[in-house]
Structures are given as C-alpha cells and as structure tokens.
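This report concerns only the one structure given below.
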Amino acid sequence: MDLVIANGKVVTDEKVFAADVGVKNGKIAAIGKKLPAGKAEVIDARGKLVLPGGIDMHVHLNLFFCGTYSEDWDTSTAAAAAGGVTTVIDYAIQTKGKTLQEAVESRIADAKDKVAIDYGLHGGITDWNDRTRDELRRYARTGIPSFKMFMIYRSQGWMADDGILFSALEETRSTGALIMLHAESAFVLDLLTERYHTPELMKTHGAWCHTLARPDFTEYEAIQRAATWARVTGGRVYIVHMSTAEGARIVARAKADGVAIWAETCPQYLLLTDRVFKRPDGHLFGTCPQVKKQEDSDGLLLGLKSGAVQVLSTDTCTFDSKQKAMWEGDFTRIPFGMPGLETLLATMHTHLVGKHRFSLQELVALTSTNPARLFGLYPQKGTIAVGSDAELVMFDPARRVTIDHEKLVTRCDWSPFQGMKLTGYPHLTLSRGRVVARDGTFLGERGWGRFLKRKAGGVV
Ligand code: URP
Ligand code: ZN
Ligand code: ZN
C-alpha cells in the first residue's frame with residue numbers, strides 16, 4: 001500500500017465503524033483493523049471521521065450567465081477540495097440550433113487544464129429535433145446520461161417548453177437517462193417580474209422585489225406539471241435546487257404513486273430565508289430560484305429526513321461583490337448565483353447532524369452516496385469500499401470554525417454563510433489517493449481532475 005489512514009471512524013451510508021483504510025494506486029486497497037502499513041505512509045485519523053469525498057452534482061463553473069462569468073474551474077475546484085468535495089458535475093448547455101456535442105467538447109476543453117478534482121458533465125437541452133434525440137440516446141450510453149432542462153430563462157435562450165420536456169422524458173424511459181429540471185413557471189414568473197420592475201417599487205423594495213416576484217407557487221406549479229409529464233410518459237425526472245416545502249410534498253406524493261422522480265435541495269434553502277433581501281447587501285443573495293420562507297426550509301428538511309429529497313448539492317455559481325454590483329438597484333440585473341462548494345460538507349454537518357439529529361450515515365448518503373448512485377458514479381465514487389477511488393475526507397468533528405470568506409480558498413469576496421459557527425470541519429482531503437487539501441489549504445494542482453464517464457439508469 002502507498003498510504004494508510006489509520007485509527008479513524010469510517011462512515012458509509014450504511015454504517016459507522018472503526019477501521020484503517022489502505023490506499024494503493026489511487027484506489028482503496030484494504031479496509032480493516034490494524035492494517036499492516038509496511039513502507040506505506042501512515043496518516044493518523046484518531047478522533048476524526050473518515051467520509052467518502054463529497055459529490056456536488058450541480059455546479060456552474062466559468063459559466064457566462066447574466067452578462068458575466070462565474071468563478072473559474074481552478075479556484076472553484078481548489079475551494080471544493082478544501083471543503084471536502086472531490087467530484088463535481090457541471091453542465092454542457094446546448095446553444096439553440098447547435099449540437100450537444102459542441103457544448104460538451106467546448107466544456108471539456110475549458111475544464112481540462114484547470115480542474116483540480118474529478119468532474120463530469122450533464123448535457124443541457126435547449127432545442128429538440130431528431131438530432132438532439134439521437135444525441136441523448138448516444139450520450140446516455142457513452143458517459144453523459146443526465147440532461148438539464150430549464151423551464152425558464154427565455155431571454156438567455158435556454159428555456160425548454162413543455163413539448164420539449166415531454167419529448168425528452170419519453171426518451172428517458174428506454175435509455176435510463178435522467179432529466180434534471182429547473183422547475184419554475186416561466187410565463188407567470190415573467191409577468192410578476194414585470195409587475196415589480198418599476199422604478200418606484202424597486203426604489204421602495206430593492207432586492208426584496210425578487211421575493212415579491214417569485215412566490216412559492218411559481219416553483220411548485222412547475223414541479224406538479226413535471227411530475228405529471230413524468231407519470232404519463234413513464235420518464236425519469238429529477239428536480240434541481242428545490243426551494244419550497246410544497247415542492248417536496250409534491251415529489252413525495254408522486255414518488256409514492258410510482259413516478260420515477262427525485263429531487264435535490266441546497267444549503268442556501270435550508271440555512272437562509274428571504275429576510276436576507278432586507279439587508280443592505282441583500283442583492284448579493286440573488287439566486288435562482290431565490291431563497292424562500294422559514295416554513296419552506298422546515299419542509300425541505302422534512303423532505304431530506306423522509307427520503308423525498310435524496311441529494312444535497314450547492315448550485316454553486318459564484319459571482320463576487322463587484323459582479324453583483326452590476327444590478328445598480330434593478331433586481332432583474334442581479335447576476336444569479338452564489339458560492340457554496342467549499343462550505344457544503346461543514347455547513348451540512350453542523351446543520352443536519354449537529355442541530356437536527358441526522359445520522360452521519362444520512363449525511364454521507366445525501367452528500368456522496370445518493371448522488372453517486374443516481375448519477376451513475378457508484379461504486380467508483382460515493383463510498384468507502386475496496387476497489388473504489390480513494391476519495392476520502394478526514395473530517396474533524398471537534399474543530400470549531402466561524403465562516404469567514406477571507407479565510408476561504410474561493411476567490412469570492414463574500415459568503416452567504418458569513419459568521420456561521422461550524423461544529424466540525426474537513427481536516428484532510430484525498431483525491432484518487434493524493435492529499436489535495438489540509439486544514440482549509442489547497443495542496444493539489446490544476447489539471448489533476450479527470451473527466452468521468454457515467455452510467456445511465458441510476459436509482460436511489
Ligand atoms: O442562480 C443560479 N443558481 N444560477 C445558475 C443557473 C441555474 O438556474 O441553476
Ligand atoms: Zn437552475
Ligand atoms: Zn444551477
């Protein structure tokens with residue numbers, strides 16, 4: 001073996017047990033008590049949890065969006081490593097009239113020399129014709145079996161109407177592909193946005209207009225519609241960045257009725273409420289969908305506990321305060337998105353395990369094993385088992401950290417969770433057997449990350 005992580009408490013989605021983990025050539029080679037280390041390096045994990053690396057299957061790195069670029073692959077994935085995330089999945093969004101393949105090739109070319117941890121891509125379908133259908137079928141067999149579709153973003157050129165959604169869902173039944181849906185009601189949302197888009201209302205309410213224009217029904221109506229299309233087509237749908245309690249209830253009901261539907265939520269929907277828009281710096285928190293009310297956070301938490309919501313992702317799309325300042329008082333011009341990769345594991349350990357009595361196994365399921373299973377990476381990623389990639393986080397539950405953006409690796413100059421008191425923090429992160437971060441410092445290298453080909457048909 002090259003490396004032994006000794007004396008730690010190993011956590012999988014099923015159990016917590018004391019064991020050493022031996023690593024050879026980037027893979028887990030042995031798990032057991034008192035492994036003979038021989039000439040291998042030994043890292044003492046006494047008092048630490050040994051978790052499978054986090055898998056954030058919803059990020060947007062170096063994305064041109066809302067008139068500017070989000071934080072690039074290099075610093076974003078360095079930040080991910082520092083926070084215990086060892087795999088990200090980004091999007092290759094088709095330009096209308098062009099192929100998915102062009103989008104995929106251009107994203108891989110962009111990421112290749114910068115990405116510091118392993119990564120995958122989801123396709124993004126904005127157009128539907130015979131060629132797109134054939135590409136969906138081909139990619140489902142060849143490593144990109146999930147496809148994002150947006151029910152909104154008409155002006156960005158990304159919106160897929162119900163006909164496109166219906167057609168794509170029909171294809172998922174036989175191919176095992178998964179449609180990842182940004183579910184919001186485009187036409188009502190646009191109407192409400194216009195209603196609040198007046199100089200007087202924006203002067204009075206500022207970024208709070210974002211809340212006024214996006215009541216809960218603009219999300220859950222769309223989720224209900226998507227659940228109906230999934231039911232009648234027999235297709236497979238996954239609701240991304242779910243922000244409402246009613247959304248979680250709709251998913252739970254559809255699931256109980258046998259619909260192939262899954263959902264994710266993100267830390268911002270659990271830890272923040274729309275009160276942030278009342279702050280003088282409220283515009284920083286503009287994201288899409290925006291954060292909602294306390295009862296929504298409570299309902300999403302229940303959804304995570306009951307299994308209606310299976311995945312925690314971040315929807316990281318990082319814009320710094322200078323980029324956010326582009327809004328100049330107009331809520332429709334706030335670049336949508338926030339940082340989150342670096343704080344995913346620690347915030348969710350504090351909130352779920354520390355505050356709401358989730359088990360460590362549930363934390364691991366939500367942040368690693370479930371996304372690996374559903375998105376076709378299991379058991380290469382998402383677990384601690386012989387033969388799996390040695391992607392491990394030594395997590396120190398005794399460490400006390402207060403989030404301060406100045407101390408984070410991300411280049412972003414603000415954090416949505418600034419000042420949050422964390423009970424536990426990643427001590428060490430391994431990516432394919434290599435130490436890539438220690439105590440919040442990135443030690444890896446640009447270009448280390450490999451493109452991951454994934455399998456279709458994943459379920460949890
Ligand atoms: O506001 C966000 N989250 N920006 C990224 C695009 C999306 O809808 O996920
Ligand atoms: Zn979205
Ligand atoms: Zn997103």
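Assess whether D298 counts as being of a type in the set (D, E) and in contact with a helix residue (DSSP H, G or I) (Cβ under 7 Å, 6 or more places away or on another chain). Spelling it out, D298 is indeed of a type in the set (D, E) and in contact with a helix residue (DSSP H, G or I) (Cβ under 7 Å, 6 or more places away or on another chain). Within region 168-225, the set of residues being among the small types (G, A, S), under 30 Å from K455 (Cβ atoms) and buried (at least 21 other Cβ atoms within 10 Å of the Cβ) comprises A168, A177, A183, A222.
For region 152-172, the criterion of being of a type in the set (A, V, I, L, M, F, W, C), away from ligand 3 (no atom under 16 Å from the Cβ) and without any contact (Cβ under 8 Å) to a residue 40 or more places away in the chain is met by at least one residue. Of the residues T86, T75, the single one that is in a strand (DSSP E or B), more than 16 Å from ligand 2 (Cβ to nearest atom) and either more than 23 Å from P371 (Cβ to Cβ) or assigned by TED's automatic domain parsing to the domain that holds L363 (or both) is T86. Going through region 289-313 one residue at a time, which ones are within 16 Å of ligand 2 (Cβ to nearest atom) and over 19 Å from V237 (Cα atoms)? Across region 289-313, the qualifying residues are Q290, V291, K292.
A single member of R133, R138 is free of Cβ contacts under 8 Å to residues at least 12 places away in the same chain, away from ligand 1 (no atom under 15 Å from the Cβ) and part of a helix (DSSP H, G or I), and it is R138. Restricting attention to region 194-227, the residues that are within 14 Å of ligand 1 (Cβ to nearest atom) and either of a type in the set (A, V, I, L, M, F, W, C) or not in a loop (DSSP other than H, G, I, E, B) (or both) add up to 5. Here Q94 fulfils each of the conditions (1) away from ligand 2 (no atom under 16 Å from the Cβ); (2) farther than 28 Å from L392 by Cα apart from (1). Looking only at residues of region 260-319 that are assigned to a strand (DSSP E or B), in contact with a Leu (Cβ under 8 Å, 6 or more places away or on another chain) and farther than 21 Å from T68 by Cβ, we find that the one that is farthest from ligand 3 (Cβ to nearest atom) is W262. N62 meets each of the listed conditions (1) in a strand (DSSP E or B); (2) surrounded by fewer than 22 Cβ atoms within 10 Å (Cβ to Cβ); (3) of a type outside the set (D, E, K, R); (4) within 16 Å of ligand 3 (Cβ to nearest atom) apart from (1). Confirm whether Q101 is within 16 Å of ligand 1 (Cβ to nearest atom) and closer than 30 Å to N129 by Cβ. No: the conditions fail for Q101.
When the criteria are applied in full, T318 fails the requirement of being in the same structural domain as M242 (by TED's automatic domain parsing), in contact with a Gly (Cβ under 6 Å, 6 or more places away or on another chain), among the hydroxyl-bearing types (S, T, Y) and within 16 Å of ligand 1 (Cβ to nearest atom). Filtering region 159-208 to residues that are in contact with a strand residue (DSSP E or B) (Cβ under 8 Å, 6 or more places away or on another chain) and either modelled with pLDDT under 95 or on the phi > 0 side of the Ramachandran plot (or both) leaves only G176. Step by step: first the residues of region 214-238, then only those that are out of contact with any Ser or Thr (no Cβ under 9 Å at 6 or more places or on another chain) and in contact (Cβ under 8 Å) with a residue 40 or more places away in the chain, then the one that is farthest from ligand 3 (Cβ to nearest atom). Which residue is that? So the residue we want is W229. The set of residues in region 141-185 that are touching a Lys or Arg at 6+ places or on another chain (Cβ under 9 Å), of a type in the set (D, E) and not in a helix (DSSP H, G or I) contains only E184. Reported count of residues in region 226-251, each being surrounded by fewer than 20 Cβ atoms within 10 Å (Cβ to Cβ) and under 23 Å from the mean Cα position of the chain (by Cα), is 2. I'd like to check something: does region 349-362 contain any residue that is touching a Pro at 6+ places or on another chain (Cβ under 9 Å) and either modelled with pLDDT under 95 or within 16 Å of ligand 3 (Cβ to nearest atom) (or both)? No, region 349-362 contains no residue that is touching a Pro at 6+ places or on another chain (Cβ under 9 Å) and either modelled with pLDDT under 95 or within 16 Å of ligand 3 (Cβ to nearest atom) (or both).
The values are calculated or read from the model by the stated rules, or taken from the named source; none is laboratory data. Treat the numbers as computed from the prediction; the structure is a model and nothing was measured. Cβ coordinates were reconstructed from backbone atoms using ideal geometry, including for glycine residues, and neighbour counts include every protein chain displayed.
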